[in-house]
Ligand SMILES: [Zn+2]
């Protein structure tokens, strides 16, 4: 019988698709039944464009990086390179450590994409979404996706996580991004409890506020500790979850923030003032 890690490596694509569509459907249903905020645009209009961008990104990643991040990890593992490959850790422990280290990397990378103007121009595509729901979590410019993949591959070379750890991390990151961008609110007590460890939708929504000091907070995607440790944590939006304005003040024209073409050319447009 296959061990769980060997099984995961063999069934990687089906497991990824299962979690992607499973969490997408679950959160979409939850949003439909009990939305936190009223949406400004119809789901159909934003979703077909946001999901088209996800499709373009997946295609580009498959074409540019056929071995993907897990492939790089596998090769590092075989050659014994990278920090974690120097230790004989039990598999579960090494996966746990690698997932935490990679989650920190995503936090640091996210801060960088806010602080460096040329990177912010790309990351703006994610923030320009005028509504906040499960598809916002997957809406990134293809160049940001390519840069993220390159950064991740460099981190894998340095840290040496196992291929299984990389797959587990990518599935968790993808799932938590869809969960914490969804248009739902956990009951107050549950939210308080969950955000001790994990990022909740109410916590991450603050990051999508039109107020810049709120946008520059709550960078975490999965674990909530990084924002607390690095003092970028902001528990609630000043105007409340229902009163806060989502998106970017300077970008409001639906064609440039919602259409696929608009999103693709957004980073290259001069700011209109
Ligand atoms: Zn951001």
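The values are calculated or read from the model by the stated rules, or taken from the named source; none is laboratory data. A quick note: this is a predicted structure, and the numbers were derived from the prediction, not measured. Ideal geometry is used to build each Cβ from the backbone, glycine not excepted, and the neighbour counts take in all protein chains shown.
Worth a mention:
- Filter result (more than 16 Å from the ligand (Cβ to nearest atom), crowded, with 18+ Cβ neighbours inside 10 Å and free of Cβ contacts under 8 Å to residues at least 60 places away in the same chain) within the stretch 167-193: none
- No other residue among 28, 6 is in a helix (DSSP H, G or I) and without any contact (Cβ under 8 Å) to a residue 60 or more places away in the chain apart from 6.
- Residue in the stretch 222-234 that is closer than 22 Å to residue 128 by Cβ, touching a residue at least 40 places away in the same chain (Cβ under 8 Å) and more than 16 Å from the ligand (Cβ to nearest atom) present: no
- Extreme residue, nearest to the ligand (Cβ to nearest atom), among residues of the stretch 205-214 that are closer than 16 Å to residue 230 by Cβ and under 17 Å from the mean Cα position of the chain (by Cα): 207
- For residue 112, the conditions (1) within 14 Å of the ligand (Cβ to nearest atom); (2) assigned to a helix (DSSP H, G or I); (3) over 14 Å from the mean Cα position of the chain (by Cα); (4) modelled with pLDDT under 95 are fulfilled apart from (4).
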